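Remarks on the structure that follows.
Every read-out reported here was derived from the displayed coordinates using simple, explicitly stated rules and does not represent laboratory data. The shown structure was predicted, so the numbers you read here are calculated from the model rather than taken from an experiment. FYI the Cβ positions are ideal-geometry reconstructions off the backbone, even for glycines, and counts take in every protein chain you see.
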Amino acid sequence: MIVALERTIKYVAERFYKPWLVRYLAVTRKYVYRGIRLEIPPGVFHPGFFFSSKFLLRWLARQPLEGRSFLELGAGSGLISLFAAGRGAVVTATDISPVAIQCLQKNRELNSAAMDIIHSDLYTSIPQQSYDVIAVNPPFYRKHPGSDAEKAWYCGADGEYFDVFFGGLAGYSHSRTDVWMVLCAGCDLDMISGLAARHGWALECVRTRRNIIERDYIFRIVRQAGGILWN
């Protein structure tokens, strides 16, 4: 019964919801969440229509942020970075997309927020330093991205994004850094955990949530022999 319902929901989403969403997001949209005002242009991940950003934000709302240095990789519209800045974190928000960088700058102004914005492909243009908190809602579908907009969704055919992410993480963290990543059951968790292990990291699941479409996870990235640690 549950499997049949999931198949029906997936069919409806593919057949009707996604085509409507593509049309809706073809123009700049305004969005407000927890008092944070956003203007989101086409090509930038919209946190109102996908569960992962708000799931990660709600987890971060339970963490100590005030006075801590905070790095968000792939900040998109800036929802999470703006939330962290509002909680007193010293925020650096990055993105690979020039459109997203303009969006971040606009939304920083809209919310009178204090945060640094860096146009960067993962760590490439970020001055090396250790952060107290690193948050990432990564692209996690296995496919080669054909454009900057697709880099918000696709991590490469062999997970190249994660190889670079885990490979460079030690240079931007210290022994007490909290590294938080949101993933869903639809991604290749075995591939991601394998790439983490290659660089001496493991994924510790700290929170799980199921919605009508998928199951999402919050992982703490920890220094360990590798694998997925289910709590």
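Annotations
- Calculated from backbone phi, Karplus (6.51, -1.76, 1.60) coupling profile of the range 124-130 in Hz, x at Gly/Pro: 3, 10, 8, x, 5, 6, 9
- If the segment from residue 143 to residue 176 were pulled out straight at 0.36 nm per residue, it would be longer than the present Cα-Cα gap by 8.5 nm.
- Antiparallel %, DSSP beta bridges [both residues in the chain], to 5: 45
- Centroid-to-centroid, using Cα positions, the range 55-133 and the range 161-180 are 16 Å apart.
- For residue 207, the residues whose modelled amide H falls within less than 5 Å of its own, excluding neighbours fewer than 5 places apart on the same chain, are 218.
- Interchain or long-range residues, amide H under 5 Å from residue 201's placed H: 224
- Using a simple spin-label model with pseudo-atoms 7 Å out from Cα toward Cβ, residue 27 and residue 66 lie 4.3 nm apart.
- Between the entries (i) 8, 32, 32, 21, 7, 0; (ii) 8, 36, 37, 16, 3, 0; (iii) 8, 32, 39, 18, 3, 0, the label attached to P(r) over Cα pairs in 10 Å bins from 0, in percent calculated for this structure is (iii).
- The chain, dipole about Cα centre (Lys/Arg Cβ +1, Asp/Glu Cβ -1), debye to the nearest 20: 880
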